[in-house]
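Enquirer: Following this message is one structure expressed as structure tokens.
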Amino acid sequence: MSATRAAVPPKEQLDDPGGRPVDRRHGSTLLRHLAVVLAAGLLLVAVSYSVEPFRNFQLATVAAYLCATAGLTVLTGLNGQLSLGHGALMATGAYTVALCQTAFADRGMTGGWLLPLSLAAAIVSTVAVGAVVGVAAARLRGPYLAGVTLAVAVVVPALAVTFDGVFNGEQGLSVPVEPPPLSLGPYFPYERWQLWVTGAATLLALLLLANLIRSRYGRTFRAVRDDEVAARLAGIHVARTQVLAFVVSAATAGLGGALLAVLAQSVSPGAFSLTLSLFLLMAVVIGGLGRLTGALWGAVLLVALPDLTHSVTEMLTLSPAVAQRLEGNLPLAIFGLTLIVVMIAAPGGVQGLLSRLGRALLARRPTRRS
């Protein structure tokens, strides 16, 4: 009886002439996601006018990191692949946008379409790298997969130092970026324009990821994560699904790295070290694996942590050498301690804890008697 029920599609799904199930809820889900993105965009514009320029820059940095954490959430949380090399994928996107913007500036090319073109080139180059790594990763499991991605995290920044004629070694490259359009006014704050550009790109990426998660591809991601044997018996091509998940995650990581390069107007190997890859993984675990809202909490933590460590070192009376050494190692220690506390107190991460608290509050609400 249970097998018969499992074979019957839900009410919302009907077969089209090709025999594929059609989910009637897909259209309503897309409209709901569009509404959420539009509301978030309007809120972001309103906030950009009410905070100081430095806070606008911080929010733009959160948006850039959110691209990377959201993609890593899809890869690790939804597809079950562990990656320790997303910092290298961000570096690929950052160096691509730097090379493209420098080439445009050297040729005297101007226009508002140049930056979107450079960001698109960054995504394409990172997709190519992600496809190569994804094909290798699809053949590996457990520590072997982590080892391959770890090697990528070490090799890609080292290439920037080795080929210093192209990537300028440890000093890195500058990223020429045009000022805000004159139509916004001669005194329009540059940080606000940065937030608008970064926020628009991030919201578009989140819209695509949210719809991907709700689509047939998202269901295959979760099926492969839960049980590869059962997914293979159900007709899912496991290796192809894993490569697709890695490519999607790499594309968003490349976009995040490109946006960070645009914000800093420079890129160097030190900005995308192995530590960044570890921070990204810990951030998505602390925020909540498998949820895009959890990726948001992780991105906020990535930006708030340097300010926290700087405040802690200022409170202590230490020598300059000790303070510099402490400020360099304290973020990793705080991240590790936070990860341990979250895994003990809230295994579902920050978002899982908030969801449980919300359900508990709704359960305690008194019901009206008729």
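The values are calculated or read from the model by the stated rules, or taken from the named source; none is laboratory data. Here the structure is a predicted model, which means the values were calculated and not measured. All Cβ positions, glycine included, derive from the backbone under ideal geometry; neighbour counts span all protein chains shown. For accessibility, only protein heavy atoms count, side chains too; no ligands or nucleic acids. Shrake-Rupley method; radii C 1.70, N 1.55, O 1.52, S 1.80 Å.
Enquirer: Assuming a ≥ b ≥ c are the square roots of the Cα gyration tensor eigenvalues, decide whether the range 26-101 counts as rounded (a/c under 1.5), prolate (otherwise, with a/b larger than b/c) or oblate.
Expert: Values: a/c = 2.10, a/b = 1.13, b/c = 1.86.
Oblate, since a/c reaches 1.5 and b/c is not below a/b.
Enquirer: State the Cα centre-to-centre distance between the range 55-134 and the range 154-188 in whole Å.
Expert: Measuring centre to centre over Cα atoms gives 12 Å.
Enquirer: Hey, what did the chain get for relative contact order, percent, Cα under 8 Å, at least 6 apart?
Expert: Normalised by residue count, the contact order of the chain is 29 percent.
Enquirer: Here's a follow-up. Tell me, rounded to the nearest percent, the portion of alpha carbon pairs in the chain spaced more than 41 Å apart.
Expert: Details: 11344 of 68265 pairs.
Looking at the chain, the distances longer than 41 Å represent 17 percent of pairs.
Enquirer: Also: Quick check: with the 1.4 Å probe, what order do GLU178, GLU228 take by accessible area, largest first? Show your work: numbers first, answer last.
Expert: Numbers: GLU178 70, GLU228 50 Å².
Highest to lowest solvent-accessible surface, that is GLU178, GLU228.
Enquirer: Could you rank CYS100, CYS67 by how accessible they are, 1.4 Å probe, largest area first?
Expert: Largest accessible area first, the residues go CYS100, CYS67.
Enquirer: Could you tell me how many degrees, from 0 to 90 and to the nearest 10, lie between the Cα long axis of helix 216-226 and the main elongation axis, the longest principal axis, of the Cα atoms of the chain?
Expert: Long axis of 216-226 versus the principal axis of the chain: about 90 degrees.
Enquirer: Carbon and sulfur atoms: what percent of the 1.4 Å accessible area of the chain do they account for? Can you show the working numbers first?
Expert: Details: 13400 of 20040 Å².
With neighbouring chains kept in place, the figure for the chain is 67 percent.
Enquirer: Mind telling me which of GLY288, GLY348, GLY130 comes out most flexible in a GNM of the chain, alpha-carbon contacts under 10 Å?
Expert: Sorting by GNM fluctuation, first place goes to GLY348.
Enquirer: Contour minus end-to-end for LEU337 and TYR144, with contour as 0.36 nm per residue of separation and end-to-end as the Cα-Cα distance?
Expert: Details: separation 193, 0.36 × 193 = 69.48 nm, distance 2.60 nm.
66.9 nm is the gain from fully extending LEU337 to TYR144.
Enquirer: While we're on this one: How far apart, in nm, are the 7 Å Cα→Cβ label points at ALA345 and THR275?
Expert: For ALA345 paired with THR275, the spin-label model returns 2.5 nm.
Enquirer: Shifting gears a bit: What are the ³J(HN,Hα) values, in whole Hz, obtained from phi via the Karplus relation 6.51 cos²θ - 1.76 cosθ + 1.60 with θ = phi - 60°, for each residue of the range 61-72 in sequence order, with x given for Gly and Pro?
Expert: 5, 4, 4, 5, 5, 4, 4, 6, 5, 5, x, 5
Enquirer: Further, regarding this structure: When N counts the residues of the range 260-311, how does its alpha-carbon radius of gyration compare numerically with 2.2 N^0.38 Å, as a ratio? Please report the intermediate quantities before stating the final value.
Expert: On the way: Rg = 12.2 Å, N = 52, 2.2 N^0.38 = 9.9 Å.
For the range 260-311, the normalised Cα radius of gyration comes out at 1.23.
Enquirer: Also: Rounded to whole Hz and in sequence order, give me ³J(HN,Hα) for the range 118-129 from the Karplus expression 6.51 cos²θ - 1.76 cosθ + 1.60, θ = phi - 60°, writing x for Gly and Pro.
Expert: Result, ordered by residue: 5, 5, 5, 5, 5, 5, 5, 5, 6, 4, 5, 5 Hz.
Enquirer: While we're on this one: Pick from GLN242, GLN81, GLN58 the residue whose mean-square fluctuation is largest in a GNM of the chain, springs joining Cα atoms under 10 Å.
Expert: Top of the fluctuation ranking is GLN58.
Enquirer: Can you run phi through the Karplus equation (6.51, -1.76, 1.60; θ = phi - 60°) for the range 161-176 and list ³J(HN,Hα) in whole Hz, with x for Gly and Pro?
Expert: 7, 5, 8, 6, x, 9, 9, 6, x, 5, 6, x, 10, 8, 10, x
Enquirer: Additional query: Run the 1.4 Å probe and let me know the accessible area of TYR217, rounded to the nearest 10 Å².
Expert: Spelled out: TYR217, probe radius 1.4 Å, area about 100 Å².
Enquirer: Can you tell me the order of 333-340, 169-176 when each peptide is scored by its average per-residue count of other Cβ atoms within 10 angstrom, highest first?
Expert: Working: 333-340: 14.0, 169-176: 17.0.
Most protected by this proxy first, the peptides run 169-176, 333-340.
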